[in-house]
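**Student:** Submitted below is the structure of interest, expressed as structure tokens.
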Amino acid sequence: MNLLHQHESVLDAAYQWTFTSEPKTVPVHEPGPVYAFVPAHGDSKAGAVQEHLGRTWSEDFGLAVLLVDFASDRDEDEGSSDRAAIRREDGMDRCTFRGTEGRALRKLIASARSNYEVICVDLTGAPKAAAKAILNSAHSVFLVSDSGRESLKMARATVAKLRPFKMEDRLALLLRRIPGGLRPDLAEDLAGAPVCGLVETSEQLERLARWLALPQPEFAIAV
């Protein structure tokens, strides 16, 4: 079944507890899942998707959320010597990882999972070893792309690079439709990954957040 359609059917069942006058609650993940967001290219706005989902989980559902990203070269020059400090910023817990060691990042994620119900990692600009550590441990990996043919071709190249990680059941496409772009079914054919959600509007992102906040299949995290 197309994951976009599966997404909608799961949400239908979930609406009876998400759309009520009672305070919103969701099942608690113990320990929390790790979601990774991979840009198809530099303008894919994977960080904006990560931010919106994380804020929805935190503010609407009351979940403890950690947003992880990676320092740019300039951040490396100007940043703190603490390569994995967690800070509070704009109402969210955040960690900008400075460094290239996959082992250090795995330790950070393993420790954070005992304190956070959801961990979202934006892999934009991540060093190769650090990206590998996250891709090996993520419950789900979301490739963020628009529906333009060139963007989807770059997404397909990224999918090919991810094949060694054997994540066929963990990899999905988050699609932002643009004028002249391909339909979701054609987009997933070209990209080589199933579409599981549209990320053009706040409503679509909030629906995706509700779906991902439901209990997820167990996955053995490599530490």
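The values are calculated or read from the model by the stated rules, or taken from the named source; none is laboratory data. Because the structure is predicted, anything quoted here is derived from the model rather than measured. Here Cβ is always computed from backbone atoms with ideal geometry, including for glycine, and neighbour counts include all displayed protein chains. Calculation scope for accessible area: heavy atoms of the full protein, side chains included, ligands and nucleic acids excluded. Shrake-Rupley method; radii C 1.70, N 1.55, O 1.52, S 1.80 Å.
**Student:** Let's see if you can work this out: charge +1 on each Lys and Arg Cβ, -1 on each Asp and Glu Cβ, no other charges. What is the dipole magnitude of region 127-168 about its Cα centre, in debye to the nearest 20?
**Tutor:** Details: 8 positive and 3 negative charges, 43 e Å.
The dipole magnitude comes to about 200 debye.
**Student:** Let me ask something additional. Taking a temperature of 37 °C and a viscosity of 0.692 mPa s, what whole-number D in µm²/s does Stokes-Einstein yield for region 99-223 with Rh from Kirkwood over alpha carbon pairs?
**Tutor:** Here the translational diffusion coefficient equals 210 µm²/s.
**Student:** So how strong a dipole does region 76-159 carry about its Cα centre when Lys and Arg Cβ are +1 and Asp and Glu Cβ are -1, to the nearest 20 debye?
**Tutor:** Details: 14 positive and 12 negative charges, 100 e Å.
Roughly 480 debye, rounded to the nearest 20.
**Student:** Something else about it: Provide the net charge surrounding Lys132, with neighbours chosen by a C-beta distance below 12 Å and charges set as Lys +1, Arg +1, Asp -1, Glu -1. Each step should come with its number before you reach the end.
**Tutor:** Values: positive: Arg103, Arg106, Lys128, Lys161; negative: Glu101.
In short, +3.
**Student:** Counting only heavy atoms of protein chains, what accessible area per residue, in Å², does region 90-136 have with a probe of 1.4 Å?
**Tutor:** It amounts to 42 Å² per residue over region 90-136.
**Student:** Moving to a separate point now. For Ser202 and Glu59, calculate 0.36 nm times their separation in residues minus their Cα-Cα distance, and state this gained length in nm to one decimal. Write out the running numbers ahead of the final one.
**Tutor:** Details: separation 143, 0.36 × 143 = 51.48 nm, distance 1.39 nm.
Taking Ser202 through Glu59 to full extension adds about 50.1 nm, to one decimal.
**Student:** Give the residue from Met167, Thr201, Ser111 lying farthest towards the positive end of the charge dipole for region 95-223; charges sit on Cβ (+1 for Lys and Arg, -1 for Asp and Glu) and the dipole is referred to the Cα centre.
**Tutor:** After comparing all options, I get Ser111.
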